[in-house]
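Beneath this line is the structure, given in structure tokens, with notes to follow.
The values are calculated or read from the model by the stated rules, or taken from the named source; none is laboratory data. Keep in mind that this is a model prediction, so the values were computed, not measured. Every residue, glycine as well, gets a Cβ built from its backbone with ideal geometry; the counts of neighbours run over all protein chains shown.
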Amino acid sequence: MTTATTATSAGTAADYTATRYLKPAKATNAFNEFVLKLTKLGVSVLGSRVLSVRGRKSGELRSVPVNLLKLDGERYLVAPRGVTQWVRNLRVAGEGQLRVGRRTETFTYTELADAEKPEILRAYLKRWKFEVGVFFDGVDAKASDEKLLEIAPGYPIFKIA
């Protein structure tokens, strides 16, 4: 079971969604390790990549599997669990690496404003709802723009440069 946590116990709904984080269950960690290993071997699972980012405290490279969304000639990383460690590290580091097999690409990014997120969230849910739908509390690709805008603060999105 996943649980939502927030930096403050009392606050507005906007505070909650802006600091939204869903901790992965043990089964999810096992699945992520499996996808991570396959992707490192060069087998991209529906667009998976290994994201590596320097730890903001340790300075060590940290790796996690992510889904790279390609939409209208642009590429995006969406954090379906909210403000995860990789999100925090990426914000501090300013760059990361995406890897499939032996091919590694260093990238910079622009973090999207909430108003820019509905179209990206919709496309992400269309592509990976079976995998990440549980992190969207019943919201799916058919949701209205208003609903997607309402949940947008809880889902960091990075446009890859």
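For the subset of region 62-87 comprising residues that are of a type in the set (D, E, K, R) and touching a strand residue (DSSP E or B) at 6+ places or on another chain (Cβ under 9 Å), which member is surrounded by the most Cβ atoms within 10 Å (Cβ to Cβ)? Residue satisfying both the conditions and the ranking: Arg81. Of the residues making up region 94-107, those that are surrounded by 13 or more Cβ atoms within 10 Å (Cβ to Cβ) and over 19 Å from Leu36 (Cβ atoms) number 0. Please work out if Ser44 is out of contact with any Ser or Thr (no Cβ under 9 Å at 6 or more places or on another chain), modelled with pLDDT of 75 or more, small (Gly, Ala, Ser) and under 17 Å from Gln85 (Cβ atoms). The answer is no for Ser44. Can you find even one residue in region 109-118 that is out of contact with any Gly (no Cβ under 7 Å at 6 or more places or on another chain), aromatic (Phe, Trp, Tyr) and under 19 Å from Leu51 (Cα atoms)? Scanning region 109-118, I find at least one residue that is out of contact with any Gly (no Cβ under 7 Å at 6 or more places or on another chain), aromatic (Phe, Trp, Tyr) and under 19 Å from Leu51 (Cα atoms), so the answer is yes.
Would you mention how many residues in region 123-150 are at pLDDT 95 or above, over 14 Å from the mean Cα position of the chain (by Cα) and not in a loop (DSSP other than H, G, I, E, B)? Residues that pass the stated criteria total 7.
The requirement of being within 17 Å of Ala161 (Cβ to Cβ), free of Cβ contacts under 8 Å to residues at least 60 places away in the same chain, in contact with a helix residue (DSSP H, G or I) (Cβ under 9 Å, 6 or more places away or on another chain) and among the basic types (Lys, Arg) is satisfied by Arg49. Looking across region 43-61, the residues that are loosely packed, with under 15 Cβ neighbours inside 10 Å and farther than 16 Å from Asn32 by Cα come down to Arg56, Lys57, Ser58, Gly59, Glu60, Leu61.
Each residue in region 64-97 was checked for being over 12 Å from the mean Cα position of the chain (by Cα) and either among the charged types (D, E, K, R) or under 24 Å from Asp137 (Cβ atoms) (or both), and 7 of them qualify. Checked against (1) under 15 Å from the mean Cα position of the chain (by Cα); (2) in contact (Cβ under 8 Å) with a residue 24 or more places away in the chain, Gly101 meets all criteria but (1).
Residues checked against (1) in contact with a helix residue (DSSP H, G or I) (Cβ under 6 Å, 6 or more places away or on another chain); (2) crowded, with 18+ Cβ neighbours inside 10 Å; (3) of a type in the set (Val, Ile, Thr):
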{"residue": "Lys117", "(1), (2), (3)": "yes, yes, no"}
{"residue": "Gly133", "(1), (2), (3)": "no, no, no"}
{"residue": "Ser144", "(1), (2), (3)": "no, no, no"}
{"residue": "Ile151", "(1), (2), (3)": "no, yes, yes"}
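Scanning region 13-26 for residues that are more than 19 Å from Ile157 (Cβ to Cβ), modelled with pLDDT of 75 or more and either touching a strand residue (DSSP E or B) at 6+ places or on another chain (Cβ under 8 Å) or part of a helix (DSSP H, G or I) (or both) gives Lys23, Lys26. Scanning region 85-115 for residues being hydroxyl-bearing (Ser, Thr, Tyr) and at pLDDT below 95 gives a total of 0.
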